[in-house]
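Report on the structure given below.
The values are calculated or read from the model by the stated rules, or taken from the named source; none is laboratory data. Just so we're clear, the structure is a prediction, and the values are computed from it rather than from any experiment. Quick reminder, even Gly has a Cβ in these numbers, built from the backbone with ideal geometry, and neighbours come from all protein chains shown. The accessibility values were calculated without ligands, DNA or RNA, using every heavy atom of the protein model including side chains. Shrake-Rupley method; radii C 1.70, N 1.55, O 1.52, S 1.80 Å.
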Amino acid sequence: MNDRSGPATPRVPALSNDLPGAGHARDLPEADRAREPLGAGHAHDLPGAGHARDLLGTDRARVPELMEAVRAYAVRILDGLDDRPAARAPVRPEPAPLPEAGIGLEEAMEVFATRWEPGFASGPGPRYLGFVTGGATPAALAGDWLTGALDQNPTSNLDSLAPDLERETVAWLRDLFGLPAGHRGTFVSGATMSNLAGLAIAREWLGEVRGVSVAEEGAAALGPVTVLSGSPHSSIAKALSVLGLGRSAIRHVGLLPGREAIDVDLLARELERLDGTPAIVVANAGTVNTVDFDDLRAIAALRERHPFWLHVDAAFGAFAALSAGHAHLVAGLGEADSVCVDLHKWLNVPYDSAVQFTRRRDLQARVFQNAAAYLAPLGDETEPEFVHLTPENSRRLRALPAWFTLAAYGREGHAGIVRDCVTLAADLGERIAAMPAYRLLAPVRLNVVCFTLSDPPSPARIAELADAITASGEAFLTTTVLDGVPALRAAFSNWRTTEADVDRVAKILGEVASRA
């Protein structure tokens, strides 16, 4: 096993003095160059704005060489992911003052490589299992780099094809998850924003049913709202708070015995008690602790007797559609009124990226429309410009990394990632079940292993285990609580993870248990 005290910092490639402009910064007087490390805690006697303009001009002249240095540095980081500690307990440096005139890109990279980068986690690495976090496929990373280089704002059709690329990417994703053509999608920053957007549309639907426009009159015009769910993710409560509906709007419905899935019969009773008052039902396609799935078809069928908006949180569970043995878990997903899918999870694109689908694009535009003289009009009702569809008036072209990875590897390539992760999770689950020190708290249904100590666990002991695993550098797992039992969870969603990584995770679990 490698020394886990930390890998050597990937060296920032030196740029040749013979490159155009390379000697400029080095030829400046020492005070002008401000070579002291950032954070030294003292002010520099800098010449001011002229010096900063000189540095910017020099960097502009050297863009090809500087970008090549950044590329080489990034490649060395990627090549070292297997040996990089999966996570680190942060040791924060002393705050640094804002540079007055700057030090130029080359030296800024050197400062970053020394002061900050060694303390970063191996988030895209193969044993970062604490959250449902994918790595970035090579194609997705290329798309992300080009996103920054092209720097498009895709919220308007006025100036480029960027919105059309996003529409194509959304259509590919809709097909990937088996959603019907009536679902239209929009890129957002993550599952939290996707859930918020879906619930905002649901809020407008409630107003439509009650004869008011919440977008115009405010949430108070609705009066009390009921949101029914079995195991809602924490982001649902956050979204309801932001939307003015309140966390207390959630009414928890009973679960199936030993499950995190909602009891549909109990849901039907709750809807009957509402006596025709419209409500919101939040169903789950993959809970965070045990990846449990609500019966989406059975829930959707209740709309024949009761009025409610069906929002499905399928942040990573939607990818079950890519596994022949698990696709039945998301049967009925297309019957939802709105769907949340998080792409920086199992699609393995960089943060931040998610998509929000809905069958009521008209209501979505009613909520998020943005009117100003300098903006384009709303556009066609079925395809409004993106500026009218999310809380953001401007944003990066999040669709490009997704487009690249889907184009490069297709349905089968991403189905292979899902199959591999499911197999690896099952493997770790079997190994844990065979360890006397641990016990599984739920079947490994898809890609998450939830387990605890065989002896009665306490929050303190579980926290100590998690800290010891992190300190080893071999893996990163997070703590949780399931049915009141403190536990650990390992989530597999990274295309890099292999059986050899499961060997290393199982080994460190055995080692820390023996010391607990």
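Tabulated data for the structure shown
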quantity	calculated
Computed E for Ala61/Glu100 - FRET, C-beta separation, R0 22 angstrom, nearest 0.05	0.45
Protein accessible area in the chain, 1.4 Å probe - carbon and sulfur %	54 percent
Per residue accessible area in Å² of the chain, where ligands, DNA and RNA are left out and the probe is 1.4 Å	43 Å²
Centre separation in Å (Cα based) which lies between the stretch 151-198 and the stretch 66-119	32 Å
Stretch gain in nm, segment Ala471-Glu511, where the contour uses 0.36 nm per residue and the Cα spacing is subtracted	13.2 nm
Test item: Cα-centred dipole of the chain, Lys/Arg +1 and Asp/Glu -1 on Cβ, debye	980 debye
Geometric extent, Cα atoms of the stretch 46-154 - Rg, Dmax (angstrom)	16.9, 48
Order by protection proxy (mean Cβ within 10 Å, highest first), peptides 275-282, 339-346, 160-167	339-346, 275-282, 160-167
Charge dipole of the chain about the Cα centre (unit charges at C-beta), most positive-ward option of His51, Ala491, Thr452	Thr452
Over the chain, relative contact order from alpha-carbon pairs under 8 Å, at least 6 apart, %	19 percent
DSSP-assigned coil residues among chymotrypsin sites (Phe, Trp or Tyr not before Pro) in the stretch 167-202, each with at most 11 further Cβ atoms within 10 Å	none
Rounded tilt (10° steps) of 264-273 against the dominant C-alpha axis of the chain	70 degrees
Potential lengthening between Ala408 and Glu304 on full extension [0.36 nm per residue; Cα-Cα distance subtracted]	33.2 nm
Segments 219-225, 491-497 sorted - mean Cβ within 10 Å per residue, highest first	491-497, 219-225
Helix axis angle, 399-433 relative to the chain longest principal axis, alpha carbon, degrees	70 degrees
Using a Förster distance of 25 Å, the FRET efficiency for Ala52-Arg115 (Cβ separation, nearest 0.05)	0.75
Gain in span if fully extended, Gln369 to Leu150, counting 0.36 nm per residue against the direct Cα distance	76.2 nm
Distance from the stretch 296-373 to the stretch 422-461 (C-alpha centre basis), Å	30 Å
Nearest-ten-degree value, helix 104-115 long axis tilted from longest Cα axis of the chain	70 degrees
